[in-house]
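The values are calculated or read from the model by the stated rules, or taken from the named source; none is laboratory data. Model, not experiment: these values are computed from the prediction. Glycine also receives a Cβ, built like all others from the backbone with ideal geometry; neighbour counts cover every protein chain displayed. Areas reflect the complete protein model, heavy atoms only, side chains present, ligands, DNA and RNA absent. Shrake-Rupley method; radii C 1.70, N 1.55, O 1.52, S 1.80 Å.
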Amino acid sequence: MENIDITCEELRKLEKDTYVLVDIRDESAVNYGTLPEAIHIPQEQLTAENTKLPKEKKLVLYCTKGIFSKEKAEELCEAGYQAYSLTGGYTGWLLAHMKETEKREEHSAEEIEKSIRKKFHKQLFSRFAKAVRDYELVQEGDKIAVCISGGKDSMLMAKLFQELKKHNKVSFELEFLVMDPGYSEANRQVIENNAKRMNIPITVFESDIFDAVYDIEKSPCYLCARMRRGHLYNKAKELGCNKIALGHHYDDVIETILMGMLYGAQVQTMMPKLHSTNFEGMELIRPMYYIREDDIKHWRDYNDLHFIQCACRFTDTCTTCDPDGRSVSKRMEVKNMIAEMKKINPFVESNIFKSVENVNLSTVIAYKKDGVKHHFLEEYE
């Protein structure tokens, strides 16, 4: 079999009408960013039997690291397709693209900031500031650790905090905190390159969380998230911060409400702020609470920004929290369910969001407060 690897440089030299670029990652990974003009066909759906892709054109497949795309390309070659695997996958292309952008000096930090003040002011900054006001998230004298994972949400949050600070209505300090829980060298480089390009002065500290959860078979994502938050609280407190800020947005909130009902048999929401139970005096805030994910994606694409997914050891090999995959698949299931319901009722998203603001305890069978369960029969006469 001929060499089926193709480099980013070789791809750029191909005539546009001679190849089809295929992203074989799952939907969750594609939401974080994809190559321009790529079509999305998840690897489990891309088979010689069910694909209608043309045999007269080259098929250039890519995944996260170029591991599974090579296996899939070999499979398609055996079926008579001209299939190739992009060397280094999406991560390899992303690093190459960053170098090219830096050389051309396109989309500078100043231009990115201008897009927040002008084009996306209503969708992003106004909603950010409204959440800060409505939920009293920032107080005089606060020192906030803005927690950056390297994804689109947390990177935008950092820029919004910088913009908020320029208005200077309340005096507060910021630390831009990045925890490296065991990133690959490439993923660490992507985060650092983006921070430099966006003029975000990050503080990076390291932990061994990926090593600790790598061999955990049951719910590694849940354990990883808990451990990461603990490390972030600890480092933030060490730096003199009294709050940590996380980049969860409006869509995360409504998906969490439905996931709790459908899979957890409970009515609860992702709170805009809460006190830490393990770190005295520390608070968690979510200032992106009103911001829609589609608006974040539009801002990202407008500025030609590309970010990593969660970059854990599992996604390094092109899977999303495999072998069990449940946390991501359930969230995507709910996300798709909401999208389908919106076709019937355009107000479904805001109704889900407002549902936890309009809980009538007199019509609830039972509820918990401070860990104590209360039943309606306790007060029924």
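So the check is Cβ under 6 Å with 6+ separation or different chains; which pairs have a first residue in region 138-158 that's basic (Lys, Arg) and a second one that's in a helix (DSSP H, G or I)?
What qualifies is Lys152/Ile296; Lys152/Arg300.
When only residues in region 280-305 that are assigned to a helix (DSSP H, G or I) and of a type in the set (Phe, Trp, Tyr) count, which is most open to solvent (accessible area, probe 1.4 Å)?
So, considering only residues that are assigned to a helix (DSSP H, G or I) and of a type in the set (Phe, Trp, Tyr), the one most open to solvent (accessible area, probe 1.4 Å) is Tyr302.
For residues that are more than 21 Å from the chain's Cα centre (by Cα) and outside any helix (DSSP H, G or I), tally how many sit in region 147-175.
Counting residues in region 147-175 that are more than 21 Å from the chain's Cα centre (by Cα) and outside any helix (DSSP H, G or I) gives 7.
Please give the number of the condition Ile144 fails out of (1) part of a helix (DSSP H, G or I); (2) within 24 Å of the chain's Cα centre (by Cα); (3) under 30 Å from Asn234 (Cβ atoms).
(1)
I'd like the full set of residues that are open to solvent by 50 Å² or more (accessible area, probe 1.4 Å), touching a residue at least 12 places away in the same chain (Cβ under 8 Å) and over 23 Å from Asp134 (Cα atoms), limited to region 241-279.
Those that are open to solvent by 50 Å² or more (accessible area, probe 1.4 Å), touching a residue at least 12 places away in the same chain (Cβ under 8 Å) and over 23 Å from Asp134 (Cα atoms): Leu262, Tyr263, Asn278.
Which residues, taken from region 164-199, are charged (D, E, K, R) and either closer than 18 Å to Thr91 by Cα or surrounded by fewer than 17 Cβ atoms within 10 Å (Cβ to Cβ) (or both)?
Lys165, Lys166, Lys169, Glu173, Asp180, Glu185, Arg188, Glu192, Lys196, Arg197
Kindly indicate whether Lys65 is closer than 21 Å to Leu95 by Cβ and surrounded by 13 or more Cβ atoms within 10 Å (Cβ to Cβ).
When the stated conditions are applied, Lys65 passes them.
Those residues that are at pLDDT below 80 and surrounded by 15 or more Cβ atoms within 10 Å (Cβ to Cβ), I need them from region 200-213; list them, please.
If the condition is that a residue be at pLDDT below 80 and surrounded by 15 or more Cβ atoms within 10 Å (Cβ to Cβ), then Ile209, Phe210, Ala212, Val213 are the ones that fit.
Can you say whether Ile112 is at negative phi, crowded, with 16+ Cβ neighbours inside 10 Å and either over 24 Å from the mean Cα position of the chain (by Cα) or of a type in the set (Val, Ile, Thr) (or both), as far as the supplied structure shows?
Answer is yes for this residue.
State whether the residues of region 214-229 include one that is out of contact with any Cys (no Cβ under 9 Å at 6 or more places or on another chain), open to solvent by less than 40 Å² (accessible area, probe 1.4 Å) and at pLDDT below 95.
No.
Residue by residue, here is whether (1) open to solvent by less than 70 Å² (accessible area, probe 1.4 Å); (2) closer than 30 Å to Glu255 by Cα; (3) at pLDDT 90 or above holds:
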{"site": "Asp17", "(1), (2), (3)": "no, no, yes"}
{"site": "Val20", "(1), (2), (3)": "yes, no, yes"}
{"site": "Ile24", "(1), (2), (3)": "yes, yes, yes"}
{"site": "Ala38", "(1), (2), (3)": "yes, yes, yes"}
{"site": "Lys55", "(1), (2), (3)": "no, no, no"}
{"site": "Lys58", "(1), (2), (3)": "yes, no, yes"}
{"site": "Glu75", "(1), (2), (3)": "no, no, yes"}
{"site": "Met98", "(1), (2), (3)": "yes, no, no"}
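Let's see how each residue does on (1) open to solvent by less than 100 Å² (accessible area, probe 1.4 Å); (2) more than 21 Å from Tyr135 (Cα to Cα):
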| residue | (1), (2) |
| --- | --- |
| Ile344 | no, yes |
| Phe347 | no, yes |
| Asn351 | yes, no |
| Ser355 | yes, no |
| Val359 | yes, no |
| Thr363 | no, yes |
| Lys368 | no, yes |
| His374 | yes, yes |
| Leu377 | no, yes |
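Being at pLDDT below 95 and more than 30 Å from Glu71 (Cα to Cα) narrows it down to one of Ser362, Ser355, Ser327, so name that one.
It is Ser362.
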